[in-house]
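The values are calculated or read from the model by the stated rules, or taken from the named source; none is laboratory data. It should be emphasised that the depicted structure is a prediction, and the values quoted were computed from it without experimental measurement. Neighbour counts run over all protein chains shown; Cβ positions are idealised from the backbone, glycine included.
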Amino acid sequence: MQYARRIVGRKIYGGQSTYIPLKVDTSGVIAIIFAQSIILFPATVASFIPNPGFQRLAQALMRGQLLYTSIYALFIVFFCYFYTAIVFNPLDLSENMKKYGGFIPGIRPGQPTAEFLDFVMTRITLAGALFIAVIAIFPDFIMAWLKVDYRVASFFGGTGILIIVGVILDTLKQIESHLLTHHYEGFIKSGHIRGRR
């Protein structure tokens, strides 16, 4: 995105290009947590009500079953989109860009910018949601294909990896912003820590 050049008194502001940091996975592990909560609800109800219909539904929705895996993946994709729709407001972002003189080259400010941001975020969220769904159901495939106990298979995927990677990335961002605010030129080069590309 570009910012228009403004002259205020003797100073010139703006006239620079930057980018909008859109996340591939806005929801993080929240989509997985919501999906697990909903998919475990029938089994919880079946444990309290001795109805044969509930018992059959609970058996079909046990971990490792095909129905469980497919519904779980669909719930994850749904909650990724749901959470992104709640958190990301393209109209508000486009109005803030317009207020401060920012624009996306080739896109008019205002409503067309909001529609473009919504279009881009929808495509990005699809890739992120499918990736998160694959990571979440990967232990089930390891358990089914290799006949490994779930407690061992859960180390190879799922929410643990997402949490660890998220914490590492946040820690790197905090270190980088701390170094930038204190102007340690010996540790940074052109706005990024030297070890990162």
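A few remarks follow.
- Answer from S154, S94 - the residue that is among the small types (G, A, S), closer than 17 Å to Q36 by Cα, buried (at least 17 other Cβ atoms within 10 Å of the Cβ) and without any contact (Cβ under 8 Å) to a residue 40 or more places away in the chain: S154
- Residues within segment 169-188 that are modelled with pLDDT under 85 and in contact with a strand residue (DSSP E or B) (Cβ under 8 Å, 6 or more places away or on another chain), tallied: 3
- Residue match in segment 107-116 (condition: of a type in the set (S, T, Y) and in contact (Cβ under 8 Å) with a residue 60 or more places away in the chain): no
- Just one of (1) modelled with pLDDT under 90; (2) among the small types (G, A, S); (3) under 30 Å from A144 (Cα atoms) fails for S94. It is (3).
- Residues that are surrounded by 15 or more Cβ atoms within 10 Å (Cβ to Cβ), in contact with a strand residue (DSSP E or B) (Cβ under 6 Å, 6 or more places away or on another chain), of a type outside the set (S, T, Y) and at pLDDT below 85 do not occur anywhere in segment 55-64.
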